[in-house]
Amino acid sequence: MTIIHAPLLRCLALYRHMPEKFSLTALLFTLVNIGMAWQLWLVGQAVNDVQSGNAITRLADGSLEYSQALHWIVLLLLVAFGRGILQYIGGLMSLVIGQDLLTILRERILHQVQRLDLAYHWRHGMGEMVTRTTRDADKVRDALINFWRQVFEASLWVLVSVALLSWYHPWLGLGTLAFTLGGIALFVTQTEKLVTLDRAVGAAYDAVNQELSEGVNGVRVIKSFGLEQQRVAVFTTLVQSFMQNARSALAYAASRIPLPQTVVALSHVWILAAGAYLVQQGTLNIGELVASVLVANALVFRIEGIGRVIQIFADARASAARIWELLDEQPTIKSGADSVPEGALGIRLNHVGIQSPGQGNAILQDCNLEVAPGEVVAIVGMTGSGKSSLAGLLPRLLDADAGSVEIGSPWAGWNNIKSFKLNELRKKINVVPQESFLFSDTLEANLRLAKPEASEQQILQALEQAGATEVLDRLSDGLQTRIGDRGITLSGGQRQRISLARAFLAEPSILVLDDATSALDAITERQVLDNIRQLRNSNGQPITVILIASKLSTILLADRVAMLDQGRISDQGTHEHLSTTNAQYRDLLGVNHGK
């Protein structure tokens, strides 16, 4: 795991992707603060004129001369009006670039989630991914919007105000700077505890999201077993834990913020005490004292603003760390540099071993198997014997911990799949899982995922090969029918046939069916598997088929059967041969000797 340093600063560094907007926003806030200092300096000058009697004078005829007073009033109004316009534009720009930054973060998170291999997703649930994309990204966005008002602008005002006060007298500037830095230091020391508390809040929120995701995705199982109240009780407990952690963080922030705010506010006392002394000594006039008090008042207000959002910054720092932990994660499966051969492809497993993530238990060990190009081989085994893990090895959804997975042919040679470009490899090897996943889109859009440029005729042909023509005929809008989240509007068998049609449309060289026909009736399954034997890859050559099967009707359609037992290929041959010679095979399929 990468150690995260200054995660919020790393988020700020993303502004380099929008240099013009960032520079304009920084310039606007700089001008606003310079305008504020100028306005307060003008107030001091005006007060000094009033105190000295120059603002309004009595003429010889007894009338009053207001021109100097009007001069100050008009000038102050113009400066305030101009500063207000710049402040509005600057605030709007901060919102715009904050939203732009949120978009960049979410795009990076989604891209990273797609890059990371299955082992990472096994270790981290969907709830954690959702939390980092939504809650954590939103908190970073909120902090970076407040960054302009509460950090950038406050920092500018510290510099401008200390400079103006020091211009009046060094004591005023140095004393105010000391109190301000002291208060800010207290704020910073308190954020460490707040970050720790918010990480606990984030972990609790992950658990809530995970439970919610499972509750929605598993609603059929929950209702089937009458588990509604039990799941609600678990969810309520997780929500209460989240609320307790959130209250602890808020309580800590509320109890600690007043102290640094008080330290900063002491600059008021310093200005009044030191300013009164300097006025008495004649080194400071009344107008400058008034301006100094106003400057200190604005400074205290700005620094107290940091205190009011300290919880936001602490939350954002913890959230940013969680985001960068995800973004810094390196995929363990990396693409090779070679192109996949265009010829017919077979498969060879050479002493392959896989360990379960984090547990070290062997899923596959010393597994050997060779499948010739164009051959149809069924793989059978008890539940948990590693059949699905073997299927995941071929397109490199998983990587072997030992041995090698190779593609090629006995006559053209074998090559380790790690040497090939990942995208090309996965186009050549297509795995159709038992649990068919369809996106909440039209039927046509789901099919075109395999081949975006496919013609309507090719799509209809793939549906026919998968025995899914009747599915299409029953849909009200044909190919344009929206099939709902995960294909919820279709039955299990219909979803499997659509997934098969999508795989056929891709024209792979190697097709792996991981119990992908389990929901089909025997007649449809035979029709589909007979059609598979007629399939050709993009080069017009017969495809290699791996059938991970538990149904006898599926196994009977294979050229050869390989039996997986305790992570190894323990036996292989035709169904007739194995049913005659292997008692374990007969017990597994429930067949009698000789049948």
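The values are calculated or read from the model by the stated rules, or taken from the named source; none is laboratory data. Since we're looking at a predicted model, the values are computed, not measured. Glycine also receives a Cβ, built like all others from the backbone with ideal geometry; neighbour counts cover every protein chain displayed. Surface areas here come from the heavy atoms of the whole protein model, side chains and all, with no ligands, DNA or RNA. Shrake-Rupley method; radii C 1.70, N 1.55, O 1.52, S 1.80 Å.
At a probe radius of 1.4 angstrom, the accessible area of the chain per residue rounds to 48 square angstrom. Between helix 67-115 and the chain there is an angle of about 20 degrees, using the helix long axis and the longest principal axis of the Cα atoms.
Give the carbon-plus-sulfur fraction of the accessible surface of the chain in %, rounded to a whole number; probe 1.4 Å, heavy atoms of protein chains only. Carbon with sulfur: 59 percent of the solvent-accessible area. Rounded to the nearest 10 degrees, the angle from helix 228-256 to the longest Cα principal axis of the chain is 30 degrees.
Each residue of segment 29-39 was assigned a 3J(HN,Hα) from its phi angle through the Karplus curve 6.51 cos²θ - 1.76 cosθ + 1.60 (θ = phi - 60°); the sequence is 5, 5, 5, 4, 6, 5, x, 5, 4, 4, 4 Hz, with glycine and proline shown as x. Taking the DSSP beta bridges with both ends in the chain, the antiparallel portion is around 55 percent. Taking trypsin sites (Lys or Arg not before Pro) across segment 380-484, none is in a DSSP loop with at most 12 further Cβ atoms lying within 10 angstrom of its Cβ. For LYS451, the amide hydrogen comes within under 5 Å of no other amide hydrogen, counting only partners 5 or more places away or on other chains and with H modelled in the peptide plane. Projected label points at THR134 and GLU325, each 7 Å from Cα along the beta carbon direction, are separated by 1.9 nanometres. Put simply, the amide H of LEU284, placed in the peptide plane, has neighbours under 5 Å in VAL279, leaving out anything fewer than 5 places away on its chain. Applying 0.36 nm per residue to the separation of LEU75 and LYS421 and subtracting their alpha-carbon distance, the gain on full extension is 117.7 nm. For the chain, adding -39500 (n - 2.57) for each run of n ≥ 4 DSSP H residues and dividing by the number of residues yields -19500 deg cm²/dmol at 222 nm.
Residues with beta-carbon under 15 Å from that of ILE417, excluding ILE417: net charge, scoring Lys, Arg +1 and Asp, Glu -1?
Details: positive: LYS334, ARG348, ARG396, LYS418, LYS421, ARG426, LYS427, LYS428; negative: ASP117, ASP338, GLU370, ASP399, ASP401, GLU406, GLU424.
Taking every other residue near ILE417 into account, the sum is +1.
For chymotrypsin sites (Phe, Trp or Tyr not before Pro), the sites in segment 349-424 that DSSP calls loop and that have at most 11 other Cβ atoms within 10 Å are TRP411. Accessible area per residue (1.4 Å probe, heavy atoms of protein chains only) ranks THR489, THR134 as THR489, THR134, with the largest value leading. If I take R0 = 25 Å and measure r between the Cβ atoms of GLU456 and GLN527 in this structure, what FRET efficiency does the formula 1/(1 + (r/R0)^6) give, to the nearest 0.05? That pair, GLU456 with GLN527, gives E of 0.65.
Output the peptides 436-442, 495-501, 227-233 sorted from most to least packed, where packing is the average of other Cβ atoms within 10 Å over each peptide's residues.
On the way: 436-442: 16.0, 495-501: 26.0, 227-233: 12.1.
Ranked by mean Cβ neighbours within 10 Å, highest first: 495-501, 436-442, 227-233.
Note the angle between two axes, namely the Cα long axis of helix 492-505 and the longest principal axis of the Cα atoms of the chain, as a number of degrees from 0 to 90, rounded to the nearest 10. Result, in degrees: 90. Taking 7 Å steps out from each Cα toward its Cβ at SER248 and GLU470 produces label points 5.9 nm apart. Can you work out the PRE-style zone for TRP167? Point 7 Å along Cα to Cβ, and I want the residues of segment 19-42 with backbone N under 18 Å. Backbone N within reach: 30-42. State whether segment 427-529 is rounded, prolate or oblate according to the following rule on the C-alpha gyration tensor (a ≥ b ≥ c being the square roots of its eigenvalues): a/c under 1.5 gives rounded; otherwise a/b larger than b/c gives prolate, and the remaining case gives oblate. Judged from the Cα gyration tensor, segment 427-529 comes out rounded (a/c under 1.5). Charge tally around LEU547: other residues with Cβ under 14 Å, Lys/Arg +1 each, Asp/Glu -1 each, net -1. Summing Lys and Arg as +1 and Asp and Glu as -1 over all other residues whose Cβ lies under 10 Å from the Cβ of ALA391 gives a net charge of -1.
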